[in-house]
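Accompanying notes for the structure given below.
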Amino acid sequence: MYKVIKLFKDKYNGEIYKIGDVFECDDTARINDLINRGLIEGEVQPSYNSLTKKEIVELLEEKGIAYNARAKKEELIELLQGGD
């Protein structure tokens with residue numbers, strides 16, 4: 001999640017974001033563009049959607065995060081992003 005620091009209109013959905021709003025997006029390139037333009041701030045999180053389930057499991061193991069081997073890819077991504 002990213003915090004809006006300057007009023008802007010989303011060119012993709014037409015939504016107007018005001019200062020203090022929360023902006024969410026999975027497109028890392030787009031996030032970087034909005035940060036570079038001074039519209040949002042926050043930490044850029046890597047996009048895990050392009051990884052295979054096996055690669056996600058490897059990342060979880062590297063970070064020492066417990067997971068259910070039968071969990072769906074989306075559930076494993078949530079774990080990587082700090083969700084429950």
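Contact list please: Cβ distance under 7 Å, first residue in region 12-29 and among the acidic types (Asp, Glu), second residue not in a loop (DSSP other than H, G, I, E, B), pairs at least six apart or on different chains.
Pairs that qualify, where the first residue is among the acidic types (Asp, Glu) and the partner is not in a loop (DSSP other than H, G, I, E, B), are Asp21/Val4.
State the number of residues belonging to region 48-62 that are surrounded by fewer than 15 Cβ atoms within 10 Å (Cβ to Cβ) and either in a strand (DSSP E or B) or at pLDDT below 90 (or both).
2
So, in region 30-47, of the ones that are assigned to a loop (DSSP other than H, G, I, E, B) and modelled with pLDDT under 90, which residue ends up surrounded by the fewest Cβ atoms within 10 Å (Cβ to Cβ)?
Only one residue tops the list, namely Glu43.
Looking at (1) touching a residue at least 24 places away in the same chain (Cβ under 8 Å); (2) closer than 15 Å to Ile77 by Cα, can you tell me which one Gly64 breaks?
(1) is the only condition that Gly64 fails.
The values are calculated or read from the model by the stated rules, or taken from the named source; none is laboratory data. As the structure is a prediction and not an experimental result, all values here were calculated from the model. Quick reminder, even Gly has a Cβ in these numbers, built from the backbone with ideal geometry, and neighbours come from all protein chains shown.
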